[in-house]
Amino acid sequence: MRTRRVGDIPMPIDFQLTFKDGTKELHYIPMYLMFGEKPVENIAVSRKVYEPWKWTHPTYIIESSHKLADISIGEIDPSQRLADVQRKDNKIDLSGIR
């Protein structure tokens with residue numbers, strides 16, 4: 001899956017995938033300027049940590065071992081703690097597409 005930066009404020013990204021069977025994966029992309037990563041917040045959800053996203057790169061690719069057809073929902077910032085002025089584009093429901 002390819003993630004695209006929108007806006008001018010660099011932020012770390014929590015990208016949660018919810019699958020048709022109800023399981024979830026959290027994909028964490030630290031911000032390049034952070035020099036590290038935040039600790040695990042929810043041990044019940046598997047988390048994959050990526051290399052920091054350099055601000056000069058407009059897109060970032062995340063990978064999952066699940067099939068694309070198994071994804072029900074993709075959501076950026078599921079905890080709603082990022083400084084985001086337009087949350088309506090943070091979530092996509094793929095369950096009715098196939």
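A short reminder: the numbers here are calculations on the coordinates, not readings from a lab. Please read these numbers as outputs of a predicted model, since none were measured by experiment. We place every Cβ from the backbone using ideal geometry, glycine too, and count neighbours over all the protein chains shown.
Entry remark, the stretch 69-98: residues being outside any loop (DSSP other than H, G, I, E, B), free of Cβ contacts under 8 Å to residues at least 40 places away in the same chain and farther than 27 Å from D8 by Cβ number 2 in total.
Scanning the stretch 10-32 for residues that are surrounded by 12 or more Cβ atoms within 10 Å (Cβ to Cβ) and more than 13 Å from the chain's Cα centre (by Cα) returns P10, F19, K20, T23, Y32.
Can D21 be described as in contact (Cβ under 8 Å) with a residue 24 or more places away in the chain, acidic (D, E) and out of contact with any strand residue (DSSP E or B) (no Cβ under 8 Å at 6 or more places or on another chain)? Yes; evaluated as a whole, the condition is true for this residue.
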